[in-house]
1. Among the residues of segment B:345-364, which ones are touching a residue at least 12 places away in the same chain (Cβ under 8 Å), of a type outside the set (Gly, Ala, Ser) and over 18 Å from A:Lys353 (Cβ atoms)?
2. Spot the failing condition for B:Glu281; the list is (1) of a type outside the set (A, V, I, L, M, F, W, C); (2) surrounded by fewer than 19 Cβ atoms within 10 Å (Cβ to Cβ); (3) free of Cβ contacts under 8 Å to residues at least 40 places away in the same chain, and only one is missed.
3. A:Asp287 - would you say it is crowded, with 23+ Cβ neighbours inside 10 Å, among the charged types (D, E, K, R), outside the structural domain of A:Val377 (by TED's automatic domain parsing) and under 25 Å from A:Ala395 (Cβ atoms)?
4. Counting just the residues of segment B:1-50 that are of a type in the set (S, T, N, Q) and under 30 Å from B:Asp433 (Cβ atoms), which one comes out modelled with the lowest pLDDT?
5. Please give the helices (runs of 4 or more DSSP H) falling wholly within segment A:124-230 in which 2 or more residues are within 8 Å of chain B (Cβ to nearest Cβ) and of a type outside the set (A, V, I, L, M, F, W, C).
6. Among the numbered conditions (1) part of a loop (DSSP other than H, G, I, E, B); (2) touching a residue at least 40 places away in the same chain (Cβ under 8 Å); (3) among the aliphatic types (A, V, I, L, M), tell me where B:Val260 comes up short.
7. Cβ-Cβ below 7 Å, separation at least six or inter-chain, first residue in segment B:434-461 and over 23 Å from B:Ile116 (Cβ atoms), second charged (D, E, K, R): which pairs?
8. Are any residues in segment B:318-331 assigned to a loop (DSSP other than H, G, I, E, B), buried (at least 24 other Cβ atoms within 10 Å of the Cβ) and either at the interface with chain A (Cβ under 8 Å from one of its Cβ atoms) or among the aliphatic types (A, V, I, L, M) (or both), and if so, which ones?
Protein chains: 2
Amino acid sequence: MNKISGNEQHPLFRQVCEYMTARIDRGEWRVHDKLPSVRLLAEELRIHRLTVFKAYQRLKEDGKVYVKDKSGYYVSPAAAPNGCGEEETALGYRMCNRLSDIQRMPVKYQFSQALIDPNLLPNLYLSDYVKEVFDRYPKVMGTYSGVEGDNELREFLSGHFRVSRLLQAEPEELLITSGAQQAINLIASIMLMPMDCVLVERPTYGVALDIFRQRGARLLTVDITPGGYDLEEIEKLMEQYRPRLFYINPTQHNPTGYTVPVWQRKRLVELAERYRCLIVEDDPFRDMYFAAEPPPPIFSYDTEGWVVYLGSFSKYVAPGLRICAVICRFPLMDKLIAAKFMADNGTPLLNQKIFLHYFTSPRLQGHLAKLRIALQVHKEIAERELAGTGCRWTAPQGGLNLWVNLPEHIPPETLFRKSMERSIAFVPGEICDPLGEMKSWIRLSYSFTPEDVLREGMGKLAELMRNL
Amino acid sequence: MNKISGNEQHPLFRQVCEYMTARIDRGEWRVHDKLPSVRLLAEELRIHRLTVFKAYQRLKEDGKVYVKDKSGYYVSPAAAPNGCGEEETALGYRMCNRLSDIQRMPVKYQFSQALIDPNLLPNLYLSDYVKEVFDRYPKVMGTYSGVEGDNELREFLSGHFRVSRLLQAEPEELLITSGAQQAINLIASIMLMPMDCVLVERPTYGVALDIFRQRGARLLTVDITPGGYDLEEIEKLMEQYRPRLFYINPTQHNPTGYTVPVWQRKRLVELAERYRCLIVEDDPFRDMYFAAEPPPPIFSYDTEGWVVYLGSFSKYVAPGLRICAVICRFPLMDKLIAAKFMADNGTPLLNQKIFLHYFTSPRLQGHLAKLRIALQVHKEIAERELAGTGCRWTAPQGGLNLWVNLPEHIPPETLFRKSMERSIAFVPGEICDPLGEMKSWIRLSYSFTPEDVLREGMGKLAELMRNL
């Protein structure tokens, strides 16, 4: 079932409440200031007056606004900045904070991190490359990079993507960002105004949701099932709500592991063009496939500039470097560069040079091949241990996670609590769900712990499940 | 003379034009959509209806909107996204682009870069520290930093600032950002809504202006003269316009070199508190003094949390690392961390660790002492060569620039063109001026070229001036 998130868990009037609370918190109005009238706010947000009326009623009930002169709404002292408004503005962080709280718990069996075991990464060799970078560019620390990224790196990646991913992009169509998260944030900053609609997968990467929410966006969701997307539903949502963006992770999807087939990729490009909805294609897991190489990115089927591609290397080359290549066409690229300029004036040159010299080495390809085998072995260990627990999942063809449906007799909260007691951490499904439901699902990352720890921990988790 | 920039060069109605063009460009309205009424927009922006009316008239004259049904304004096809709107959105980048265009010209005498000659930076030693970092933290590349920054670095800097700058701040009150520019952008993103007022110095750092403009802010200016600020004028502006921020570079100011005296620092804190205006204290040049150490930061006089301090190290430790420490109190820090989380999920750990290990070394202190002497020598060379040209400037007590007033007989544009012909680059004064005036001033950075090149280039510039 596809839903507009404004209908159920998080009704539209409540979003209006949050939006107004955030504006009050920003100091746009002070205590005892008159707020916009219902009609005026309804026009501004392009929503029905009754929705605004309902929102004001709720704000009144919550003591954040009061009524005077019969018709006017005013900021009440309880809603003053540094008061209750705080919670709304810091909301995004707090939500993720919950995830990062889980991830930072000093547990023995860390299955909540969709990262690769640092022992599987080529850390020991990297210092050699760093040394080499300093020999070749002795002044690398004394130099700023260009806003759009190091030219040598962009030229290399342009060629690399052409060969390995069938992406046709000139170096000028590449922008280097500090990780995919920065890229998503830059795109949101140039594309979204409050109350704009954004289409997202369900489940999906929680932090992207927080970024869109922080911009005041309304989230529309499309379910990912083992059968893939319902494209008719997507078209209906695009037609009805005209979302500005569709944020999608079509290849070895986090958390489900699903890969969108070629025919749907082509169709998505057509829909994007018809409904003028920019597809934001996040693709950090592509190289972590187990059997066949995944199909080319959605970007490769686009001729009209309705796809922006995020090629992040944080996951498997070096998370500490934070290197992502954003690919899109002009004039969008102009705007992205302007936003990147404002954001930090360019990703540090050192990080780009180290990445380039490591990534172009033959050692990396060997590393990648070994990494794929290691991840598959990890996945199989996890699946073997979980067999017979009543859990269901679709075996992923790549990526770092199992997306597991708990049997009905296991209460999710109890499982989480008792797992933590046994030093086992995982991600509760609702964190990946734009609607905050999916409590009967959990995300188990098999990539972060060494094999023996993984086997032991999954075994303990399975035992716990059987005993519940 | 202090001015609100909405009055002269850049009148308020024109800002409204730009604001509306930017919103149209963002796709908030499409071609033939009805725009908000004059009354509605005036209420939204809290400005006079006549100003909005004038803005709509101008947009009509420019063919961006048309009138229908007597009273309604509609988006005309000429104003469609990807059309003329582009220019407005990319404005910030283009403006800076002009500066970075100048800075990237392959000239022999590069006086437009307020950076330190890479030969004066300790590049050769840095690779040793990098090696050491890898020995101590072999997995540094495989690890994300916390959002707020590396704990070890924040603890060290908390102690360092306490001793060297009399700043009392707990490690939790420090956030590590990728350069001061990111910090300014994060602050702007949480503090500013369109049409908010921001107080800035005149002249000042052009890129900060672009960041504030990009958020739709109205700029108020306060002049820096050899006598300092007119505090009564500042109070009047704060009282009348209630600016949200005062962006200030009070120590070895860029471009003038001016340092605000202690009594004015104390008074500024009082004004900030009284008028609830957050002081953004940008302090990248503090350690580059020639004689006496400058007074403690404004932050050190604040007890109520109305100052946020930006301690950047890009200028003289390693520009390539992009390390800046932002210091402020809670709850502002909560919001900044949330914004940083959205922006890039934390500055790369590698950069923080390299910085820490280099900065804590005895070698750095030696480096700093030598650097100060070298900069003073550079300054004196520049001053000696410029003597007798009719130019006037106030000898700076630190920093990287001479802020030079051209004599009346030298036409600034001609000087710029003829300098470029002679492979000499400098920054025209209007780039540093929020009002875009100050054409008879130029910024000459004496820090970027080696001594002999500096002497030769300044000599050629002086000769050119004498012949004009």
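The values are calculated or read from the model by the stated rules, or taken from the named source; none is laboratory data. The shown structure was predicted, so the numbers you read here are calculated from the model rather than taken from an experiment. Ideal geometry is used to build each Cβ from the backbone, glycine not excepted, and the neighbour counts take in all protein chains shown.
1. Within segment B:345-364, B:Asn345, B:Leu356, B:His357, B:Phe359, B:Thr360, B:Arg363, B:Leu364 meet the criteria.
2. Here B:Glu281 meets the rest and fails (2).
3. no
4. In this case the residue turns out to be B:Asn2.
5. Where helices (runs of 4 or more DSSP H) fall fully within segment A:124-230 and carry at least 2 residues being within 8 Å of chain B (Cβ to nearest Cβ) and of a type outside the set (A, V, I, L, M, F, W, C), they are A:179-191, A:206-214.
6. Status for B:Val260: all satisfied but (2).
7. Note: pairs meeting the criteria are B:Pro434/B:Arg202; B:Leu435/B:Lys3; B:Leu435/B:Glu8; B:Leu435/B:Arg202; B:Gly436/B:Glu430; B:Glu437/B:Glu430; B:Met438/B:Glu430; B:Lys439/B:Glu430.
8. B:Ala318, B:Pro319, B:Gly320, B:Leu321, B:Arg322, B:Ile323
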